[in-house]
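Notes to accompany the following structure.
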Amino acid sequence: MPLTPEMQRAGVTPELMNTTRRFDCPNCGKQFSLMQSRAIACRGCRMASTNCRYARCPHCDTEFPMEQVITKNRNGEKYLANYMNNILGNYYTNFGKRNSR
């Protein structure tokens with residue numbers, strides 16, 4: 001899906017579109033996005049904050065390389081992993097649980 005002028009003004013990037021694009025799990029066939037994978041299925045994993053190159057299905061808990069489904073090469077895989085870590089890191093910093101809440 002191409003970016004519309006409204007999406008560009010709102011700050012939507014091609015990378016963000018790629019992380020929210022839905023795809024089928026190679027194991028169970030159910031659909032999910034990389035954003036769901038990182039925010040839900042990978043939440044407790046210690047590798048999720050180190051630019052992990054894997055995606056995990058939130059339905060069947062199968063882990064597989066992003067290169068198989070989301071990106072075409074390892075550079076894209078590494079870039080998307082870093083991009084997702086930055087988004088989720090900022091979210092948890094700004095809205096995550098704190099002792100004062």
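The values are calculated or read from the model by the stated rules, or taken from the named source; none is laboratory data. Keep in mind that what you see is a predicted model, and the values were worked out from it rather than measured. Cβ placement follows ideal geometry from the backbone for every residue including glycine, while neighbour counts extend to all protein chains displayed.
Brief remarks follow.
- Residues in segment 37-49 that are within 14 Å of THR62 (Cβ to Cβ) and of a type outside the set (A, V, I, L, M) were compared, and the one that is farthest from the chain's Cα centre (by Cα) is CYS45.
- Of the strands (runs of 3 or more DSSP E) lying entirely inside segment 1-97, those carrying at least 1 residues that are out of contact with any Pro (no Cβ under 8 Å at 6 or more places or on another chain) and touching a residue at least 24 places away in the same chain (Cβ under 8 Å) are 22-24.
- Pick from segment 18-52, criterion of a type in the set (Lys, Arg) and surrounded by fewer than 17 Cβ atoms within 10 Å (Cβ to Cβ), ranking: modelled with the highest pLDDT: LYS30
- Residues that are more than 15 Å from PHE64 (Cα to Cα), under 10 Å from the mean Cα position of the chain (by Cα) and among the hydrophobic types (A, V, I, L, M, F, W, C), drawn from segment 1-34: LEU16
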